[in-house]
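Peer 1: Before I ask anything, let me first share the structure, which is written out below as structure tokens.
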Amino acid sequence: MQPGLMSELLELTLEHVGLVSVAMAIATATAIPAGILLTRREALRRWVLGFANIMQTVPSLALFGFLIPLPFIGGIGKHTAIVALVLYALLPILQNTLAGILGVDRAVRESAIAMGMTGRQLLWLVELPLAARTILAGVRVATVITIGTATIAAAIGGGGLGVFIFRGLASVDTTQILAGAAPAALIALAADKGLSWVEQKFWPG
Amino acid sequence: MALCREPVARQTRLNLDFVTPTASPIVSFRSVSCRVGQKDILRNLSFDVEAGETLVLLGRSGSGKTTVLKLVNGLLLPSEGTVLVEGTPTTAWDPIRLRRHIGYVIQEAGLFPHLTVAGNVGLVPRLEGRPQQEIHRRVAGLLTQVELHPAEFDHRYPRELSGGQRQRVGVARALAADPPLLLFDEPFGALDPITRVELQRQFLALRRDLGKTAIFVTHDVREALLLATRVGLVHQGRLEVLTTPSEFLRAQGDEVRAFLACLDAKGDV
């Protein structure tokens, strides 16, 4: 192992986790409220889901590239990478929020309304608790996807473990590629297991 | 003709505490029609429900009887005519207040799967901001009333209950805010015959003890004759017959005869 690789590994891993954390925080804070809103606005649902779907189908390297020339959100660096990661993470969370809330049993929803719940009480006391597990599963899937996709951030100067991978590719150095790929895979696994544990712990069934 | 519609949530609370006429009927339908899309669900219904009586609406599936209940608690507003609850049109009630004023029991109970029995039964008092201790006492009292031992049942979840127990919890929940009026939408329809008879017996006992007014929807003519103080036959959106159970046995009309024929055909209960 080359000298300094360990300290660089630590630094880039932290950077990677930082990218993913910021992107997931923004995506979650956007997609869950948007999903809730879409359960109340059927007309809007098709458009927003369509947009999120299209974002999902754009090849990730291309999406990062497309963002660079855009004013404000574009350019080279971390913020562009985060915008791209957020766009990718939206769909799974949005879809699961919708599925979770719309999947609440009709009889349950109807008796909540019939017993005099306000719209807000219906949401907080019935719909969200019952949809929580499904929504969290969406966050988990999005997190795992984002950890992998974030390796591409290095291509536009976003940093993270992708730095190793691109450097290794350029210099045909397998050790460097592995130094990026293996930790990224391990982080993804750990995030998956960790969030699964939370799901099981708080919403068993 | 205007469509039968869901009410729009209102922000302002109307103070209707002063509207408590004693002699007038609890519920009054005046030439009520309800139309959804191209379909007439109810046509020109007029009837009164007096305090303390149990009106059983009998009818086939799709006859419109559930719509009657939804018009009473303001889940739907009439396309034509007026539904009065305690003398006030449902359109003038704040929908939230109206619904907390009326207990509603549906088939399969519609219990909240993520709340315990105590959580389900105590929900309306909790929404009303009652103190914790009072809610606790109330829940215990209600469970005892529907013959479920509080210590044994209050911490259980709906999935841990039998169908009959769930339905009892549903009744306890509907009684929680001590509403003067209760609506039952085929509450015992999905139960086995033995449990159904048990719960029918309990319904009669509760009525004797509490003296609540009830509108009860069923397609079971036996149940209707057993529980009703008056039976209303709903057929294709019209109220064809409205009379006492004993008069109902002598009533005329094809639909009445069709239902009465079930009495002869079925010897199981």
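Each value in this text was obtained by applying a stated rule to the coordinates, not by laboratory testing. Source: prediction; values computed, not measured. Note that each Cβ is placed from the backbone with ideal geometry, even for glycine, and that neighbours are counted across all protein chains shown.
Peer 1: Rg to Rh ratio, region B:111-179, alpha-carbon atoms and Kirkwood radius?
Peer 2: 0.92
Peer 1: Mind giving me the FRET efficiency for residue A:76 and residue B:250? R0 is 60 Å, r the Cβ-Cβ distance, nearest 0.05 is fine.
Peer 2: 0.10
Peer 1: What ³J(HN,Hα) values, in whole Hz, does the Karplus curve 6.51 cos²θ - 1.76 cosθ + 1.60 give for region B:115-126 when θ = phi - 60°, with x put for Gly and Pro?
Peer 2: Coupling constants for region B:115-126: 10, 6, 4, 4, x, 5, 5, x, 5, 5, x, 5 Hz.
Peer 1: Relative to the longest principal Cα axis of chain A, at what angle does helix A:128-149 sit, 0 to 90 degrees, rounded to 10?
Peer 2: Once rounded, the angle reads 20 degrees.
Peer 1: Another question about this same structure. If Lys and Arg each add +1 and Asp and Glu each add -1, what is the summed charge of the other residues whose beta carbon sits under 12 Å from the beta carbon of residue A:133?
Peer 2: Computed value for this residue: +1.
Peer 1: While we're looking at this one, here's another question. Ignore the peptide's own chain and count Cβ atoms of other chains within 10 Å of each Cβ in B:108-115; give me the average, rounded. Mind dumping the intermediate values first?
Peer 2: Numbers: counts 4, 3, 10, 4, 10, 7, 9, 3.
The mean count of partner-chain Cβ atoms within 10 Å per residue comes to 6.
Peer 1: Which of the pairs B:39/B:70; B:70/B:212; A:78/A:201 have their Cα atoms more than 28 Å apart in this structure?
Peer 2: Long pairs (Cα-Cα over 28 Å): A:78/A:201.
Peer 1: For a quick protection proxy, order the peptides B:91-101, B:110-120 by their average other-Cβ count within 10 Å, most packed first.
Peer 2: Output ranking for B:91-101, B:110-120: B:110-120, B:91-101.
Peer 1: Going by amide H atoms built from the backbone, whose H comes under 5 Å of the H on residue B:103, apart from near neighbours?
Peer 2: Counting only residues 5 or more places away or on other chains, the set is B:181, B:182, B:183.
Peer 1: Would you kindly compute the Cα radius of gyration of chain A and its largest Cα-Cα separation (Dmax), both in Å?
Peer 2: 19.7, 69
Peer 1: Something else: Which distance in nm do the two modelled labels at residue A:203 and residue A:54 give, with both placed 7 Å along the Cα-to-Cβ direction?
Peer 2: In this crude spin-label approximation the distance works out to 3.0 nm.
Peer 1: I would also like to ask the following. Average partner chain C-beta neighbours within 10 Å, per residue of B:94-107? Don't jump to the answer; show the numbers that get you there.
Peer 2: Working: counts 1, 3, 7, 1, 1, 5, 4, 1, 3, 2, 6, 2, 5, 1.
Mean partner shielding for this stretch: 3.
Peer 1: So which chymotrypsin sites (Phe, Trp or Tyr not before Pro) in region A:28-97 end up in coil per DSSP with only 14 or fewer other C-beta atoms within 10 Å?
Peer 2: Those that pass, being in a loop and sparsely packed, are A:72.
Peer 1: Output ³J(HN,Hα) for region B:128-139: one whole-Hz value per residue in order, computed from phi by the Karplus curve 6.51 cos²θ - 1.76 cosθ + 1.60 with θ = phi - 60°, and x for Gly and Pro.
Peer 2: 7, x, 5, x, 3, 5, 5, 4, 4, 4, 4, 4
Peer 1: Taking amide H atoms as placed 1.01 Å from N in the peptide plane, list the residues 5 or more away in sequence, or in a different chain, whose amide H sits under 5 Å from that of residue B:235.
Peer 2: The list, which skips near neighbours in sequence, is B:240.
Peer 1: Take the protein assembly as shown, drop everything but the C-alpha atoms, weight them equally and run the Debye formula without solvent; then report log10 I(q)/I(0) at 0.08, 0.13 Å⁻¹ to two decimals.
Peer 2: -0.63, -1.13
Peer 1: Another question about this same structure. Considering only A:91, A:136, A:189, give the residue with the highest GNM mean-square fluctuation for chain A, with springs between Cα atoms whenever their separation is below 10 Å.
Peer 2: Looking only at A:91, A:136, A:189, the biggest GNM fluctuation is shown by A:189.
Peer 1: Next up: For the charge dipole of the protein assembly as shown, defined by +1 on Lys and Arg C-beta atoms and -1 on Asp and Glu C-beta atoms about the Cα centroid, which residue among B:74, A:57, B:164 has the Cα displaced farthest towards the positive pole?
Peer 2: Of the listed residues, the answer is B:74.
Peer 1: Among B:214, A:153, B:28, whose Cα lies farthest out toward the positive end of the dipole of the protein assembly as shown, if unit charges sit on the beta carbon of Lys, Arg (+1) and Asp, Glu (-1)?
Peer 2: The residue sitting most towards the positive pole is B:28.
Peer 1: Taking the Cα centre of the protein assembly as shown as the origin, how large is its charge dipole in debye, to the nearest 20, when only Lys and Arg (+1) and Asp and Glu (-1) carry charge on their Cβ atoms?
Peer 2: 540
Peer 1: Of the peptides B:224-230, A:169-175, B:165-171, how do they stack up when ordered by the mean number of other Cβ atoms within 10 Å, highest first?
Peer 2: B:165-171, B:224-230, A:169-175
Peer 1: For region B:27-116, what is the Kirkwood estimate of the hydrodynamic radius, computed as the reciprocal of the mean inverse distance between distinct Cα atoms, to one decimal in Å?
Peer 2: Over region B:27-116, the inverse of the mean reciprocal pair distance is 14.2 Å.
Peer 1: How high is the FRET efficiency from residue A:68 to residue B:192, r the C-beta distance, R0 51 Å, rounded to 0.05? Could you put the intermediate results ahead of the total?
Peer 2: On the way: r = 68 Å, r/R0 = 1.33.
Efficiency, rounded to the nearest 0.05: 0.15.
Peer 1: I've got another one for you. Could you name the aspartates and glutamates whose alpha carbon sits less than 16 Å from that of residue B:65, not counting residues in the same chain fewer than 8 places away?
Peer 2: B:40, B:48, B:185, B:186, B:220, B:223, B:240, B:255
Peer 1: To the nearest whole number, what is the average tally of beta carbon atoms from other chains within 10 Å of the beta carbons of peptide A:105-113?
Peer 2: Rounded to a whole number, the mean comes out at 6.
Peer 1: What is the Rg over Rh value, at two decimals, for region A:1-121, using alpha-carbon atoms and the Kirkwood definition of Rh? Walk me through the numbers on the way to the answer.
Peer 2: Details: Rg = 19.5 Å, Rh = 17.0 Å.
Across region A:1-121, the Cα-based Rg/Rh ratio is 1.15.
Peer 1: What list of ³J(HN,Hα) couplings, whole Hz, do you get for region A:161-167 from phi and the Karplus terms 6.51, -1.76, 1.60, once you set θ to phi - 60° and write x for glycine and proline?
Peer 2: Each residue's phi maps through the Karplus curve to give 5, x, 3, 4, 5, 5, 5 Hz.
Peer 1: With a/c under 1.5 counting as rounded, go ahead and sort region A:14-70 into rounded, prolate or oblate using the C-alpha gyration tensor (a ≥ b ≥ c being the square roots of the eigenvalues; past the cut-off, prolate if a/b is larger than b/c, else oblate).
Peer 2: oblate
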